Amino acid sequence: MEQIGIDVHKNESQICLQTEQGEILEQRIHTRRDRCAAVLGPRPRARLLIEASTESEWVARCLEELGHEVIVADPNFAPMYATRSRRVKTDRRDAQALLDACVRGSYRRAHRTSEAQRQVRALLTVRENLVRTRARQIQVLRALTRREGLRVRSGEAASFERRLGELDLPECLRAVMGPVLATLEPINQQVEAAERAIQQVVQGNALVRRLRTAPGVGPITAVAFVAALDGVERFAGPHQVECYLGLVPREKSSGERQHKGAITKAGNPRMRWLMVEAAWRVLISRDASGEELRRWAQRIAVRRGRRIAVVALARRLTGILYAMWRDGTDYDPRRSCGRATPGATMAVA
């Protein structure tokens, strides 16, 4: 079987191919479906290795449709680039290193997200962009009113335009704010449409509804958690999920010296941010279901400060959601902080 390494980029990709006779062929092509089909379609079935990236999924599917075996590899796996010089980096050398890794088998497969969860991730990305755009517009409008000594009272973002209308604004200021105000209503409508689509996902997914029973976890957080993990069987335990989402501390230890720093912030930044927001909700709310978690976080806050306590709580919530998914159970406050009735399974490993 032929072996191929492809260094995939947005515009152009570098191909390094080894034939069954051991001959090395190299070619640079435009990263388009038609060029992939023209160059690799006529060739016999081959094993291809590409890095996980923004373009990797559609490229992999395109090549699989041509009859090839495609391996999407984790780019953070250092042995994959063992033969590449660190002093000189080019696309050609990267493609050669990928070919070598494909031949030797020195790669680690990256998880390929299911089509259903890819669509959910895209929906969450669109909603997040709309919400951030609306927040920026509101910040501009608030700044303009403050310049005139006026204040817009607090409230939800969706009702900002109505609350702004309560102020006696000078005509010149209204004219200046007009173009920004004109964008708010369409953005609000699009945000509502995105949230309706997410609500449909919630209603059609029993797992998402189960995760929502945990304190601080709303529909967006539950949907995003399922989309981020894509399968509970991928992880050996809750600590692995916490590492995957970058909620564990960095560590640089050697011998008798041990040093732990800030969290790694690896993985999905949206999911990490949502888990921290969920932890804040638990900490500041008075919901009885989160009382045990709240007391646990408050004890940490006394020793280490509130921010560290919130991140610790986000990490524990991540483990709880994983355990609820793995065990198929709803949230149980009695087991949230490691206490359970005799013979019961712990909610957090």
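Please return the ranges of helices (runs of 4 or more DSSP H) entirely within region 51-162 where 3 or more residues are surrounded by 12 or more Cβ atoms within 10 Å (Cβ to Cβ) and of a type in the set (Lys, Arg).
Details: elements: 56-65, 91-104, 115-147.
So the answer is 91-104, 115-147.
Since Val202 meets every condition but one in (1) at pLDDT 95 or above; (2) open to solvent by less than 30 Å² (accessible area, probe 1.4 Å), which condition does it not meet?
(1) is the only condition that Val202 fails.
Pairs please, first residue from region 293-312 and free of Cβ contacts under 8 Å to residues at least 24 places away in the same chain, second anywhere and hydroxyl-bearing (Ser, Thr, Tyr), Cβ atoms under 8 Å, 6+ apart in sequence or on different chains.
Correct list of pairs: Arg294/Ser285.
For region 276-290, enumerate the residues that are open to solvent by 60 Å² or more (accessible area, probe 1.4 Å), in a helix (DSSP H, G or I) and either within 25 Å of Ile263 (Cα to Cα) or charged (D, E, K, R) (or both).
Once the filter is applied, which keeps residues that are open to solvent by 60 Å² or more (accessible area, probe 1.4 Å), in a helix (DSSP H, G or I) and either within 25 Å of Ile263 (Cα to Cα) or charged (D, E, K, R) (or both), region 276-290 yields Glu277, Trp280, Arg281, Ile284.
For (1) within 19 Å of Arg127 (Cβ to Cβ); (2) open to solvent by 30 Å² or more (accessible area, probe 1.4 Å); (3) in a helix (DSSP H, G or I), each residue gets a yes or a no:
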{"position": "Pro179", "(1), (2), (3)": "no, yes, yes"}
{"position": "Gln190", "(1), (2), (3)": "yes, yes, yes"}
{"position": "Val208", "(1), (2), (3)": "yes, no, yes"}
{"position": "His239", "(1), (2), (3)": "no, yes, yes"}
{"position": "Glu242", "(1), (2), (3)": "no, no, yes"}
{"position": "Gly261", "(1), (2), (3)": "no, yes, no"}
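Within the group Gly290, Gly267, Gly305, which residue is on the phi < 0 side of the Ramachandran plot and either of a type outside the set (S, T, N, Q) or under 16 Å from the mean Cα position of the chain (by Cα) (or both)? Spell out the reasoning first.
Values: Gly267 fails: on the phi < 0 side of the Ramachandran plot; Gly305 fails: on the phi < 0 side of the Ramachandran plot.
From the options Gly290, Gly267, Gly305, the qualifying one is Gly290.
Given the options Glu277, Glu251, name the one that is touching a strand residue (DSSP E or B) at 6+ places or on another chain (Cβ under 7 Å) and of a type in the set (Asp, Glu).
Selected residue: Glu251, the only one of Glu277, Glu251 that is touching a strand residue (DSSP E or B) at 6+ places or on another chain (Cβ under 7 Å) and of a type in the set (Asp, Glu).
The values are calculated or read from the model by the stated rules, or taken from the named source; none is laboratory data. All values reported here derive from a predicted model rather than from experimental measurement. Counting neighbours? That spans all protein chains shown, and the Cβs are built from the backbone with ideal geometry, glycine included. Heavy atoms of the whole protein, side chains included, go into the accessibility calculation; ligands, DNA and RNA do not. Shrake-Rupley method; radii C 1.70, N 1.55, O 1.52, S 1.80 Å.
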